[in-house]
Amino acid sequence: MFLTREEEQILAGEFGEGKKKAMELLVALGDIYKAERLIPITSAHLSGVSYKTIGEGGISFLEEMSRDSKVCVPTTLNPPGMDREKWKGMGISEHFAERQHKIISCYESLGVTSNCSCTPYLDVNIPKIGEHVSWAESSALSYVNSVIGAKTNREGGPGALAAAILGKTPEYGLHLSENRAPSITIEVKASDVNYSVLGQAVGQLGGGRIPYFKGIRPTKDQLKTLAAAMAAAGSVALFYVDGVTPVPADTSETEKISIDDKELQSVRDKMSSGNDPELIALGCPHLSCEEIHSLASKLKNKTKRGDIEVWFCTSRCTVAKCKKDLDILSKFGNVICDTCMIVTPIEERFKCTAVDSGKACNYLPTLCSQKVVFRDTDDLLEMIQ
Amino acid sequence: MILTGRKISQGKSQGKVLLCPNPVSFLGGVSPADGKVSDASVNGQSATGRVFAFPRGKGSTVGSYVIMDMKQHGTLPAAIINESAEPIVATGAVMASVPMVDSIDLSLLREGDECIVDGSTGTVELPDVKEINVVSCVIKDGEKILFLRRSSKVGTFQGYWSAVSGFIEVNETPLETAIKEVREETTLISEPVKIGEPFKVRDGDTVWVIHPFLFEEKDCSIQIDWEHTEYKWVCVSETASYQCVPGLDIVYKSLGI
């Protein structure tokens with residue numbers, strides 16, 4: 001990879017250890033992916049926040065990096081392993097909480113905005129179309145690539161942090177227009193589309209393909225669900241929806257398939273592995289204001305039934321905007337901020353969790369040892385009212 | 001011997017090679033507490049302090065943090081060598097300042113080799129292994145090739161079947177050696193019609209750097225010297241059943257015969 005004189009100096013350590021390490025990381029990644037140069041980015045979003053995932057190794061890395069460096073572009077943060085305020089009520093140990101706070105304060109001293117959400121594109125970190133960015137968190141980066149039309153690769157946490165510190169990223173993959181063409185056209189011929197199931201079905205096709213959907217008209221929130229499910233089921237980082245997202249001029253050179261109700265049903269049948277949920281968790285990705293409003297209007301004037309624990313996971317930014325709706329939701333369950341059912345250690349309290357999220361269906365069995373009950377959102381609400 | 005690869009993570013260190021033939025996932029595949037590698041082929045050995053050589057990384061991106069966790073436990077490998085680096089291990093190596101080089105042919109390494117990895121220059125040095133340049137000259141006549149049996153008077157591979165071969169002396173080019181050896185070992189005066197890409201083969205404490213040459217003759221008669229006891233004209237497909245010098249099959253392949 002070609003480096004400018006200043007980039008060479010950073011690599012040689014002339015601007016401090018943190019920047020040197022960040023440059024070393026970008027050069028290694030750039031060489032692996034055969035990038036020719038570094039290009040400027042306008043924002044970053046970082047994963048690698050939950051103590052459950054990154055552990056002590058992650059803390060010592062962040063301590064080293066935060067000693068003498070700071071991010072130089074607007075940078076936001078993924079969910080940690082607990083609600084920063086109500087962690088005791090979640091059954092989180094003192095030790096876990098102390099280490100989790102340590103991680104967040106390292107990121108804060110690096111200059112990262114501790115919004116603690118997987119949906120920063122809804123409020124505090126909104127890229128513009130065509131901008132190069134460096135985002136981790138598979139669901140969020142797919143959303144900004146696809147729905148907004150910004151350009152990012154599937155970054156890992158440390159790579160995205162290195163890019164944020166230097167304000168640059170190696171130019172390869174989805175930063176190059178020639179790699180962003182759709183490769184498979186998916187005609188959706190289904191009467192009733194659940195976007196988690198559709199995302200699971202298309203993600204499972206695999207092969208690193210870039211889907212181009214026809215026959216659907218998803219809302220912003222449904223796009224968020226679709227992006228998350230496809231990223232979790234099949235590492236999809238970019239997709240197009242005819243008439244909804246920005247679409248490249250030429251979409252003719254693709255493989256073509258169609259998906260109908262029958263196929264979606266057979267995918268849905270495999271998404272559940274349990275029967276008796278001990279927890280019902282909504283908000284993967286984090287609930288938006290619109291989703292909270294919709295839940296509230298369905299639960300308004302209803303009374304809670306049963307004693308299954310219920311979580312509504314969202315960001316602190318969103319909570320601040322919909323107090324009234326959340327008052328209604330609080331009668332049916334806990335409004336959990338910052339974290340979610342995947343990155344908090346729910347396995348210490350529950351064995352079976354019910355969700356309406358395709359992404360959660362993929363990760364709960366592996367990361368949280370859960371049996372999963374997958375249902376439509378309305379069916380989950382039926383279980384509690 | 002020094003192998004040149006690609007620099008992935010800076011720094012230089014030394015240790016004995018721990019060779020794992022399979023891709024490695026640090027998450028679940030290496031224990032941060034004691035560095036033990038779970039892949040059955042390494043017999044429960046620890047990667048701690050070793051030059052850990054494996055084809056490439058695999059598995060969860062959390063693997064990068066596991067390498068950092070090994071740093072905390074003091075169980076890091078001395079260095080990492082890969083055939084082709086991928087982002088998970090590369091990221092972890094840079095994070096934890098473990099020297100790392102990739103684009104290295106692992107078939108040239110042996111378990112327990114003393115090894116110096118320099119991630120700043122992208123080189124891997126095996127101080128106890130010597131590198132020797134040789135030519136391997138195939139003489140083709142129609143569909144048959146000349147196949148020679150090495151005598152008991154030569155220094156290496158006595159009794160093995162081979163092509164015309166010889167050490168490349170200090171002041172010689174490989175081409176000069178090839179023409180000279182063909183003349184000495186067969187009495188033919190000829191020039192090669194094709195030169196293959198040189199390649200390396202590990203054999204004990206030696207790495208042979210073999211330079212392949214193809215000569216073509218018609219209805220030729222030859223005389224062998226003291227270096228061989230007998231010769232045959234055979235088809236390439238017949239050679240597999242003989243005890244041959246290492247790398248001879250690769251010579252044939254690189255010459256397209």
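Things worth noting here:
- Expressed to the nearest 5 percent, the antiparallel share of DSSP beta bridges inside region B:130-254 is 60 percent.
- Peptides ranked, highest mean first, by Cβ atoms within 10 Å: ranges A:322-333, A:356-367: A:356-367, A:322-333
- Rolling a 1.4 Å probe over the protein chains gives B:THR121 an accessible area of about 80 Å².
- Buried on assembly, region A:9-39 (at least 30 Å² less accessible surface than by itself, 1.4 Å probe): A:LYS21, A:GLU24, A:LEU25, A:ALA28, A:LEU29, A:ASP31, A:ILE32
- Helix-derived mean residue ellipticity, 222 nm - over chain A, DSSP H n ≥ 4, -39500 (n - 2.57), to 500: -11500 deg cm²/dmol
- Shape call, region B:130-254: gyration tensor on alpha carbons, a/c limit 1.5: rounded
- Listed peptides B:57-66, A:235-244 appear in the order B:57-66, A:235-244 once ranked by packing, highest mean of other Cβ atoms within 10 Å at the front.
- Measuring r between the beta carbons of A:SER105 and B:THR206 and using R0 = 60 Å, the FRET efficiency lands at 0.60.
- Amide N of region A:74-118 lying under 20 Å from the label point, which is placed 7 angstrom from the Cα of A:ARG67 along Cα→Cβ: A:102-112
- Cα gyration tensor shape of the protein assembly as shown, rounded if a/c is under 1.5, else prolate or oblate by comparing a/b with b/c: prolate
- Model label sites at A:LYS324 and B:LYS16, defined 7 Å from Cα along the beta-carbon direction, differ in position by 7.4 nm.
- Alpha-carbon spread of chain A, three principal axes, descending order, Å: 66, 56, 34
- Helix-only [θ]222 nm of chain B, DSSP H runs n ≥ 4, -39500 (n - 2.57) each, per residue, nearest 500: -5000 deg cm²/dmol
- The fraction of all Cα pairs in region A:1-158 landing in successive 5 Å bins from 0 to the largest distance is 2, 9, 16, 20, 19, 16, 10, 4, 2, 1, 0, given as whole percents.
- Region B:120-166-region A:6-49 distance, computed between alpha-carbon centres (Å): 45 Å
- Take every DSSP beta bridge whose two residues both sit in the protein assembly as shown; close to 40 percent of them are antiparallel.
- Cβ charges +1 (Lys, Arg) and -1 (Asp, Glu), total dipole of region A:181-269, debye: 180 debye
- Here B:ASP225 and B:LYS144 are evaluated by their C-beta separation; at R0 = 25 Å the FRET efficiency comes out at 0.75.
- Antiparallel DSSP beta bridges within region A:5-177, percent to nearest 5: 30 percent
- FRET efficiency estimate (nearest 0.05) - Cβ-Cβ, A:GLN385 to A:GLU348, R0 30 angstrom: 0.60
- Solvent exposure ordering (accessible area, 1.4 Å, most first) of A:CYS116, B:CYS220: B:CYS220, A:CYS116
- If you bin all the Cα-Cα distances of region A:181-269 at 5 Å, starting from zero, the percentages per bin are 3, 16, 28, 30, 18, 5, 1, 0.
- Selection from B:ILE88, B:GLY256, B:VAL124, by position along the positive dipole direction of chain B (Cβ): B:ILE88
- Counting, for every residue in A:154-162, the Cβ atoms of other protein chains within 10 Å of its Cβ and taking the mean gives 4.
- Between B and A, accessible area buried - total, square angstrom, nearest 100, 1.4 angstrom probe: 1800 Å²
- Taking 7 Å steps out from each Cα toward its Cβ at B:ASN171 and A:ASN275 produces label points 9.0 nm apart.
- Think of region A:230-385 as a dipole: +1 on every Lys or Arg Cβ, -1 on every Asp or Glu Cβ, centred on the Cα centre; then among A:THR254, A:ALA354, A:ALA320, A:ALA320 lies furthest on the positive end.
- Solvent-accessible area per residue for region A:181-269 (1.4 angstrom probe, square angstrom): 43 Å²
- Each residue, A:SER252 and A:ARG305, gets one label point 7 Å from its Cα in the Cβ direction; the gap between the two is 5.6 nm.
The values are calculated or read from the model by the stated rules, or taken from the named source; none is laboratory data. Just so it is clear, the structure is predicted and the values come from calculations on it, not from any experiment. So basically every Cβ, Gly included, is an ideal-geometry build from the backbone, and we count neighbours across all protein chains shown. For accessibility, only protein heavy atoms count, side chains too; no ligands or nucleic acids. Shrake-Rupley method; radii C 1.70, N 1.55, O 1.52, S 1.80 Å.
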